[in-house]
Every structure is written in structure tokens, then in C-alpha cells.
Amino acid sequence: MTEVPTKRPATGRRKVELDPRLAAYKGVWVFIEHERGTTHPVSWELLGEARKLADQLGAEVGAVVLGEPGNAIREACHETFRYGADICYLIEDPVLASYRNEPYTVGLTHLVDKFKPEILLLGATTLGRDLGGSIATTLATGLTADCTELTIDPENRSLAATRPTFGGSLLCTIQTLNYRPQMATVRPRVMHMPERGSPRSGRLIEETLGVIEESIITKVLEYIPDEQQDQAQLAYADIIVSGGRGLKRPENFQLIWDLAKVLGAEVGATRPLIQAGWVSADRQVGQTGKTVRPKLYIAAGISGAIQHRVGMESSDVIIAINEDPNAQIFDFATYGIVGNAMQILPALTDAFRIYGATARRAG
Amino acid sequence: MHIVVCIKQVPDSAQIRVHPVSNTIMRQGVPAIVNPYDLFALEEALRLKDRYGGRVTVLCMGPSQADAALRKALSFGADEAILLSDRAFAGSDTLATSYALAAAIQRIHVDMPVDLVFAGKQTIDGDTAQVGPGIAKRLNLQLLTYVSKIDALDLDRKEIVIHRRAEGGVQVLKTRLPCLVTVLEGINEMRFATMDDMFRAARHPLEVWDKVAAGIEDLSKIGLKGSPTVVAKVFAPHPKARKAERIEVHGDAPKDLVATLLTKLFTHHPQLEREIAARLA
């Protein structure tokens, strides 16, 4: 990883004359994550950011769509125009039906080599990070992961990508000055979902993949959707009830499940609880877990340390329950109760249950 | 069977604090640990060794004090440990790091063919998850990331079947060896090292490779020179100034606290009340 200096930046801010070869790279691209007929919402969030960056650069926004042929993928292309893309680059091929590193890397590399974007953004999903790491190495360029802010440095027109480091204790701003494209991944829900505009036209550029199934070494044997297993859908949940070390014992985490059930909410937890095995890793909220933006986030027994905070501080309303009156979480929550979560949680569950019964009777 | 496990020694980022005045990282007293995600990778490799026989080599790129991480890996049962260390690696970003590690693995492969390369999904200091994919690309290995389960391994046919976490589901993938696997936390439970293991690990000779020993010839690909990304600035996060409204009632009875909370919540956030009412209905 980039060595993070603790006293001074490793390099000063320098005005860089861009190599003419690199100056030929123009345009802000977003890799649109489209699989099994649906597009991951992070793609639209990134198009929103791309539009802002492109406007600052006086450049165009390109959306890259790879997938299997059909109506769904063509629909996705039209959607990219509604979310602000000027050009949609499409490669449709049966071998792209389910994500595999090899054919996707070939396809995206081909498009980048041919059309030369200056910036390439991907969602920091398992797909985006897998693909992003391969592409950056193939192209021998810079990739900044998990960015929370993207801006254009006016001095040199390059992308300034800000991201947390050391688990979120510090932020650093990273630039890729002498290589193109400048790549960055961004987690779902970190950027705002832009307006879905009215249908508009854009340029559709279709390319072929040129890879046959027989030559691809990795095969997809099966896809097991999460509905068939008990998996969390935290990233886009509207209400989340979350627990931390203040719950003291694994049995107490049941109080979180109880409250969540009454509210129809998702359940989250802090990293120490995941590492201790109280809940599955997909429920981790925080810098190395999921970023969430629910309408309501209830945090019980959570201190509010930065590593967790960065994953949930954009929630609309945060209710914090903690025994320690000086807990950091009270610095940014909306409402705070200083008290024993093991007593407050069941009281909340009862209160919501009674409220629900009353609301139903009132019709 | 020969598995190379890449590990990294990292500061325990959960314990990192920022000095409130100078805005710099306070490193003193923060313990150096093996990147926790890499321990899952090591354990997975050791389980395969238990089952199929063979050897596990642990590779770590870092300063000289990273030898502690390698000793820890040896104490769990790794057979060989190599520390890849050279001043020339200083300032490496993920591209330069994957270049150096790939070169070292290539050198290891010459001595004893490598069937699998394992790593954790990411580090807790860099958190990029980029080095694993970088190594795979450079060595032309099939890349399997976010692996939650190794379903089957056929050493004769050189095939592996794994479960890979995708958004919304799990992919069951089959590929050929050699390949590179990054594993998810929770894929297994780490074994314990006995005191004997730890003593043996302390006495085990560690190989230390500099850039020459690793077979690195192109110096423009390592260290700062080989790093396309540069850090423009480092700063402490600016916390949002929004202190919580404390719910306090006389007597502090949970029932009363909660009642007051709900009243305030629904009064000030009517849309949220409607949302909740709809869910409770």
C-alpha cells in the first residue's frame, strides 16, 4: 500500500507537465456493474460523481457496460444516459454472463486501450475490487481504493482521491500524476444517488470481446442467491439496529435481533463483534465493512470510534445507547440515551410493539 | 502440494489514535500484528496441508522487524518463511508491492513449484485489496477473490472448486492450478500454537531476501519509482459538529426514557414515523 507518511507528505504538491502521450487520455468513465439482468445502484452513484468531475474538466462521461446479450443490458445502456452518461461503451457476449476476472479484464482493457479515458471509476464491490486490481496492474497505472471524496486538482487537472487509512483514523488524498487512466473505487452508499433524469439520447459504441468460452480457464458452476441463505442486505436498508462491545456478551446480541424484528430492520455490528464471531461478516458496518445511509440507525453499546463512525455517520437519524456518558458516539448521534443497553433495548422493542398495535387499531 | 501464503505485518489499526494537536499517527505502543485477514489465509493453507500433505511457505514483504510476523506463522505450522526486505522497496504502493512479491514467488517457484498462492482479502492498514489481484496478473495465475469456502481440490487433475462472495449471492467457481486465492474472514477458525511450536519457530532459520535474491532486475518497478500513486496530503477527519440530544428523565427508568425518545423522534421526524408505522402495520 502507499506508505503513509506521518509528518509530511512524501512529495510536495508539484505542478506537473503532463506527458503528451497521457494528455491524449480524455473522459471520465464509470464501470457499470450489470449482472443477472440488474444493475448495481453504485453504478448510478458513480455516474453522478463522474458528471461532476467531467464538468470540471470539460470532458465527457462514459459508461462501460459488459454482460450477456439481451434486453436487460440494452435497458442498462439507456439508463446510463438518464444518469448522465454522454457515451455508453457496450460489449455484449455470452461469456460475460456471470462475472469472471479473465474475460472482464480483457474487455475493459480493450476499451481503455482503444478509447483512452483519463479517469476510470468502479464500485468497491467484490466485483469492482477484483476487476479494478487486475486492470490497474494490466495497465500499470494507479488505483486508489474506497474513496470517500473525488475532486479535480485545479493545478494539474488530475484526480484527487481522498480515502481513509489506518482503519479510518486518518484520511489521505492520493493522486496518480504520471499514469493514465487514474483509477478509483468507491463503496456503495458513500456518494449520493443522483436524480434519474428523463430519457435522453447518448452515443452507443459497441465493441466485440473476441474471447471464446473454451479459452477461459475459470468456469462458473453455479450461482447461489442470498435469498436462499440468511444474508444481510445492509447497504440499502432503511432502518438498521446495530450492536457493539457494550453489549458485553454474545447472548445479549439477541436483544438487537428482537428490536430489528419488530421494526423490520436490518441488523449490523461493529468489527470486534464480527471478529469474535457473534454475527456474520456481512453485517459489519464500518470502514472495512459496509457503509450505510439508513433513515434510522440505532447504535447500542457502540462507542462511536472512527472506524465504525465512517460507516454510518451519514444516517439521517442516529439513536445512540451507551453506558458511558463520554462515549464518542454522543458527539455525532441525533439522540443519545446514557444507560444500560440490556435494559433500554427491550424497552424500545416493547414501546415500538405497543406503538404498532396502537397504530393498527387507529386504522 | 506447495502453497505460498503472503502475509503482512501491520500496526493494529483498531488501536491507532491520532494526536489531537499535531494530527499525526501515534505509533508508540501500537502493537505490530500479523494482518488478521492473512491469518485466515494461513490457516486455510495449513488445513490443506493437513489433508493433502505438502509444504506451506510464508512470504512477507517488510522491514526487518516483520520477522516477528513470520515467526508467528511458523509457530502455527508453516514450513518455510521468507522475509522480502530491501531499502529499495520503501515507498511502494500496491503496484510496486505486487511487482516485488510476484518476483519473489517466481523465485520460490523455481526451487519448488507452487500450486497455490494464498492471501487475506486485504490489509487493515492499506485496506486496498489490490496486491493479491496484482500478483495474480503478473504471474498469469487465475484470480479467485473473496473466497468463503474451498469446496474441492484435485491435485492430480490440478483443479480447484471454490465459493466466492458476490453481491447478492455466492459464485461456485472451478479453475485450474496454479491459482491465487484471497480468503474472507470467517472461512475457518485459527488453530492454536503450542509452546513447543513457538520455541521451534523462534529457532527456525528465516530466509531474508533482498531485491537481488528475489531476482528483481527492473528497479524502476519497485519503491517510489515504481509507484504511480502519490500521497498528496494526510489529515485527520473533520468530525461533524452535531452533538446528540440527550434523553434524560427523572428516575431514568428505561420505560420512561424510551417513551420520551419516541415522542421526540416522532415529533421531529414525522416522515420517519410514517415509515416506521408502515413497517409495524
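For the protein assembly as shown, DSSP calls about 40 percent of its internal beta bridges antiparallel.
Estimated from the Cβ-Cβ distance and a Förster radius of 51 angstrom, the FRET efficiency linking B:D111 and B:K255 is about 0.15.
Peptides B:171-182, A:303-314 ranked from most to least packed by the mean count of surrounding Cβ atoms within 10 Å: A:303-314, B:171-182. Averaged over the residues of A:299-311, the number of partner chain Cβ atoms lying within 10 Å of the residue Cβ comes to 1. Within straight-line reach of B:K264, meaning a Cα separation under 24 Å, sit the following lysines at least 8 residues removed in sequence or on another chain: A:K261, A:K295, B:K240, B:K243, B:K255. Against the main long axis of the alpha-carbon atoms of chain B, helix B:270-280 sits at an angle near 70°. Between A:A160, A:A72, A:A276, the residue with the greatest mean-square fluctuation in the GNM of chain A (Cα pairs under 10 Å linked by springs) is A:A276.
Distance between the pseudo-spin-label points of A:E323 and A:Q254 (7 Å out from Cα toward the beta carbon): 2.0 nm. All distinct Cα pairs of the range B:2-221 go into the 1/r average, and the inverse of that average, the Kirkwood radius, is 17.8 Å. For chain A, the alpha-carbon coordinates run over 65, 52, 41 Å along the three principal axes, in decreasing order. Label-to-label distance, B:T263 versus B:D12, with points set 7 angstrom from Cα along the beta-carbon direction: 4.5 nm. Other protein chain C-beta atoms within 10 Å of residue C-beta, averaged over B:256-268: 4. Here the range B:134-157 is scanned for amide nitrogen atoms under 19 Å from the site 7 Å beyond the Cα of B:Y52 along Cα-to-Cβ, giving B:136, B:140-157. For the peptides A:324-333, A:40-49, the ranking by packing is A:40-49, A:324-333, with the highest mean count of neighbouring Cβ atoms within 10 Å listed first. When DSSP beta bridges are restricted to pairs lying wholly in the range B:2-221, around 40% turn out antiparallel. Counting 0.36 nm for each residue step from A:K295 to A:R74 and taking away their Cα separation leaves a gain of 76.3 nm.
According to the Kirkwood relation over distinct C-alpha pairs, the hydrodynamic radius of the range A:87-151 is 12.8 Å. The ranking of B:K221, B:K121, A:K295 from fewest to most other beta carbons within 10 Å of each one's beta carbon is A:K295, B:K221, B:K121. Near B:A81, the amide H atoms lying under 5 Å from its own belong to B:V58, B:E207; only residues 5 or more places off or on other chains count, and H is placed 1.01 Å from N.
Residues whose amide H lies under 5 Å from that of A:Y89, counting only those 5 or more places away or on a different chain, are A:A63, A:V64, A:V65, A:I205; hydrogens are built 1.01 Å from N in the peptide plane.
Estimated from helical segments only, the mean residue ellipticity of chain A at 222 nm is -9000 deg cm²/dmol, where each DSSP H run of four or more residues counts as -39500 (n - 2.57). Among the listed pairs A:K219/B:K8; A:K26/B:K225; A:K290/B:K121; A:K248/B:K149; A:K219/B:K158, a Cα-Cα separation exceeding 19 Å is found for A:K219/B:K8; A:K26/B:K225; A:K248/B:K149. For GluC sites (Glu not before Pro), the sites in the range B:190-281 that DSSP calls loop and that have at most 15 other Cβ atoms within 10 Å are B:E217, B:E248.
Values in this text are rule-based calculations from the coordinates and carry no lab data. Quick caveat: nothing in here was measured; it's all calculated off a predicted structure. Here the Cβ is made from the backbone with ideal geometry for all residues, glycine too, and neighbour counts use every protein chain on show.
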